[in-house]
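Written out below as structure tokens is the structure these notes cover.
The values are calculated or read from the model by the stated rules, or taken from the named source; none is laboratory data. Values in this document were obtained by computation on a predicted structure and should not be read as measured data. All Cβ positions, glycine included, derive from the backbone under ideal geometry; neighbour counts span all protein chains shown. The accessibility values were calculated without ligands, DNA or RNA, using every heavy atom of the protein model including side chains. Shrake-Rupley method; radii C 1.70, N 1.55, O 1.52, S 1.80 Å.
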Amino acid sequence: MTAELVRGQNHPLSQARLEIRIAAGTPIVAGATLGDEHGTVHGVEWVVHPGAPALPGLEVSRQAAADHRLAVDLGAVPEAVHRVHVLLALPSAGGPVRFGAVAAPFVAVTGLDGTELASYTITGLDAESAVVALELYRRQNAWKVRAVGQGYAGGLTELLTDQGLPQAHQLANTIHEAVAQGLARAVTPPARTADGDRARQTATPAPAPEQGASATQGASGAVPPQPLSPYGTQPPGTPPQPTTPHGGPASGTSQPASPYGAQGAPATGGPQSGHTQVPADASAAQPPAPTAGGPVDYIHPRRQNAAPPPPPPVAPPVQPGQPARPVAGDATGWSMDERLYNQVWGMFEDLARSTAAYRSAVDFADSRMEKELDAALADPRNRIGGQGDAAREAARAKHAQLVEQARAAYDRDLGQLTAESEVVEPALPLAYARWDNPVWHGYRVPFEAPMAVRLGDLHLPECPELRIPMLIRLPLERGLWIDSGAAGSLDGSFFDSHELHRLAMDTAVALAARLLAVHPAGDYTLHVIDPAGSGAQALAPLVRAGVLAAPPAVGAAGVADVLARLTERVDLVQMAVRGGAADSLPPGLDTSEQLLIVNDFPHGFDDRAVTQLRYLADEGPSVGVHLMMVADREEASAYGPLLDPLWRSLMRLTPVPDDHLADPWVGHAWTYEPALVPPGSQVVQQVLHRVAETRTKYT
């Protein structure tokens, strides 16, 4: 199962020999740096780039290309290396100068068989011309991958300087020179004819052995001999081969097979995205060499023509000097749902940056006023009299001016984001929409699961009216914890324990109903543990609709039965997956996604049940068993630190607005507000009734 990462997210790597596939839609430079446990690069010999394309355990392309394949062998990197950063940069000679002007780069970590292990689409780039795409890092003798997406407007020089390389400027120039030389000696592709085919050219016969490695006709210079690669791309004694503009072998040449496949992409005409790439097959037949005087065939023998995504909608024209009108779905993506998902998180990042800039400007104004007051009042003679008063008034006036300017810029950004939110919110699909969105009134059970689901809304104290949907990718990689132990909300209202527990259960039921509604019929199964029956009123919509796998489990016996069945399912699926024998699962095993709602924890749980619950929280998400707990941590304090890993493994949500979520970019404390059903609305009952009807029809 491919892990589609978002910025800052990590994922374990189960293999040491990997490929990193990059698709950018425009020629870019790919490289990597080796760092110690602190991420510091100690010298140019720790950087692999087109001018020095191979290091122990790493090999990159020698050219700028729209698609790259980087070979990685984590078992071969030196012991001193703890971090490997994958770098992308725009060439300095011609072409776009910032990533904001091109399609969002797509990066995928795959096995040697082409199976994707993790992928990451680098969104949110603007003026940056270099970016750290991924980080492979060693943690307790195991390797993981983290989505970074850190861009640098200063290009490779600023990026390498940030990683502690003292010769950053010289190395950046070396990399760009190597790319420019590679382009200069590449075979110039023929021009296209009016009917779209390439103009036919006369093929040049290959040089005879006694002629040596002379330059091929059409190339501006000979390719210098390359040293032996640890991955077998060019053995010693092999004459250099003519190259295509993207660094691959020219038509009619042969190349030794590499266990890592081809390092470059086809010259032209390949897929526009890294979502579907065909792994190189060293055993496949090579195309026949062209005969003298015949046409050159530039078509890759194993190319698959994938249809490009439909173009995003275009904003309507506006008057000069007016801001562009926002359009729903104008972000990058291969479907409207993916575009809206990327657009929502782009709004989140824009609001985070704008708020950070505003807060920084206010802090600067405060600091400047304090310094000016201290300087004015340093002389005791100025503390009393007109000079002191004038200095204080001038400092306060300057402070007010700076704050006013910052607020004006912030209000302008908020206005644009608010206008975009007003356009995007009504256009959201079921999984992303609020319960009061009219799209729910025309609900139909979907035929495929969405890429994400809405858990609530996020906002900041400077602009509480601007709400950003909190979208989480599916399938869930962490369980959910609805905290019923909060003492009060941000608006000053306080709730007793019974009211908080009722709100927490309402939140859990609303989230469970949404997860059930956005999956195809029969693809999601709900289980409920309610040992004391205290959640019967909130669970009534699920029970009446008949969408539960079984009635809510009560008492210690019911808790033990549900946990034993789900634990056994996790064990069986894990053994089948690891053994590659999925067809050996018992015929009656439910292979759909499972969601377990636990109420009143730890009531009804003994030590064995607690251990099973922790096991489900840790191992369940990888095999489709997810956990949603409604609990007060204080009520489980008797277990001491034993349950600390359990709470940390779950995503904490609150039934009332609370500022407990922080973003990894600028560290804002975002206020989370749950996605509750409007009072008096019957939308959940109607949706669950439709789900139950569809299940009956299909079964």
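Net charge of the neighbourhood of V72, taken over other residues with C-beta under 15 Å away and scored Lys/Arg +1, Asp/Glu -1, is +1. Among the trypsin sites (Lys or Arg not before Pro) in segment 400-482, those placed in a DSSP loop whose Cβ has at most 13 other Cβ atoms within 10 Å are R444. Between S584, G535, A545, the Cα set farthest toward the positive side of the dipole of segment 523-597 (charges on each charged residue's Cβ, about the Cα centre) is that of G535.
Annotation: amide H of L653 within the under-5 Å range of W481, I482, D483, sequence separation 5 or more or interchain, hydrogens built in the peptide plane. Compute the separation of the alpha-carbon centres of segment 652-666 and segment 617-651 and state it in Å as a whole number. Here the answer is 18 Å between Cα centres.
For F364, the accessible surface of its heavy atoms amounts to roughly 120 Å² (probe 1.4 Å, protein chains only, rounded to the nearest 10). Electrostatic tally near A538: other residues with Cβ closer than 10 Å to its Cβ, Lys and Arg +1, Asp and Glu -1, net -1. One way to sum up the overall shape of segment 1-129 is the equivalent ellipsoid from its Cα gyration tensor, whose semi-axes run 22, 19, 14 Å, largest first.
Which of the GluC sites (Glu not before Pro) across segment 359-454 are loop residues per DSSP, with 15 or fewer other Cβ within 10 Å? Before the final figure, lay out each step's value.
On the way: sites: E370, E372, E393, E404, E420, E422, E448; in loops: E448.
Those satisfying the criteria are E448.
Between the amide H of A66 and those of I28, distances stay under 5 Å, these residues lying 5 or more places away or on another chain, with hydrogens modeled in the peptide plane. When you restrict to C-alpha pairs under 8 Å that are six or more residues apart and normalise by the size of segment 9-95, the relative contact order lands at 39 percent.
Farthest towards the positive end of the charge dipole of segment 551-699, among the residues S622, N599, V554, is the Cα of S622, using unit charges on the Cβ of Lys, Arg, Asp and Glu. Rg over Rh for segment 373-522 works out to 1.24, using Cα positions for both radii and the Kirkwood form for Rh.
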